[in-house]
1. What pairs come out if I take residues in segment 1-23 that are aromatic (Phe, Trp, Tyr) and pair them with residues that are loosely packed, with under 10 Cβ neighbours inside 10 Å and in a strand (DSSP E or B) whose C-beta lies under 7 Å away, six or more apart or interchain?
2. So which residues in segment 12-41 are among the aromatic types (Phe, Trp, Tyr) and loosely packed, with under 13 Cβ neighbours inside 10 Å?
3. Quick one: is residue 82 over 16 Å from residue 6 (Cβ atoms), part of a strand (DSSP E or B) and touching a strand residue (DSSP E or B) at 6+ places or on another chain (Cβ under 7 Å)?
4. With the requirement that a residue be part of a loop (DSSP other than H, G, I, E, B), surrounded by 11 or more Cβ atoms within 10 Å (Cβ to Cβ) and at pLDDT below 95, what does segment 60-79 give you?
5. Within segment 26-57, work out how many residues are assigned to a strand (DSSP E or B) and of a type outside the set (S, T, N, Q).
6. Pick from 52, 44: which is crowded, with 18+ Cβ neighbours inside 10 Å and not aliphatic (A, V, I, L, M)?
7. Can you list residue pairs whose Cβ atoms sit under 8 Å apart, with the first residue in segment 44-62 being in contact (Cβ under 8 Å) with a residue 60 or more places away in the chain and the second being of a type in the set (A, V, I, L, M, F, W, C) and part of a loop (DSSP other than H, G, I, E, B)? Count only pairs 6 or more apart in sequence or on different chains.
Amino acid sequence: MNLIHIPTNKGVKVVMPQNIIRIEASSSYCKVYFDNEYPLTVAKILHWFEEKLSDDFFYRIHRTHLVNRHFISEVSADYKLTLLNGEQFQVSKRKKNMFRSKVA
């Protein structure tokens with residue numbers, strides 16, 4: 001995976017996508033959660049990250065969440081994801097078919 005350059009209010013942060021656990025959208029901002037450092041809030045929409053990150057590694061599970069598949073530890077029958085850090089997220093009804101096709 002290539003490096004991703006994320007514009008911040010202090011400049012540009014260069015990150016390895018495999019270190020991103022998940023990205024959570026909130027209006028025109030996103031919070032990027034990493035496995036090895038504090039979360040980063042940036043003035044970008046989730047679609048911007050979707051275009052930059054590989055579909056093979058990141059799943060859009062909800063209108064507000066993009067998740068790195070390498071950090072998913074369990075998927076329940078009702079499509080609730082448990083991440084390696086214990087966080088849980090529900091795959092939205094609209095995203096279930098897409099998610100099912102990628103994990104199957």
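1. none
2. Correct list: 38 only.
3. yes
4. 76, 79, listed by residue number.
5. 8
6. Result of the check over 52, 44: 44.
7. Close Cβ pairs satisfying both conditions: none exist.
The values are calculated or read from the model by the stated rules, or taken from the named source; none is laboratory data. Computed from a predicted structure; not experimentally measured. Heads up, the Cβs are rebuilt from the backbone with ideal geometry, glycines too, and the neighbour counts pull from every protein chain shown.
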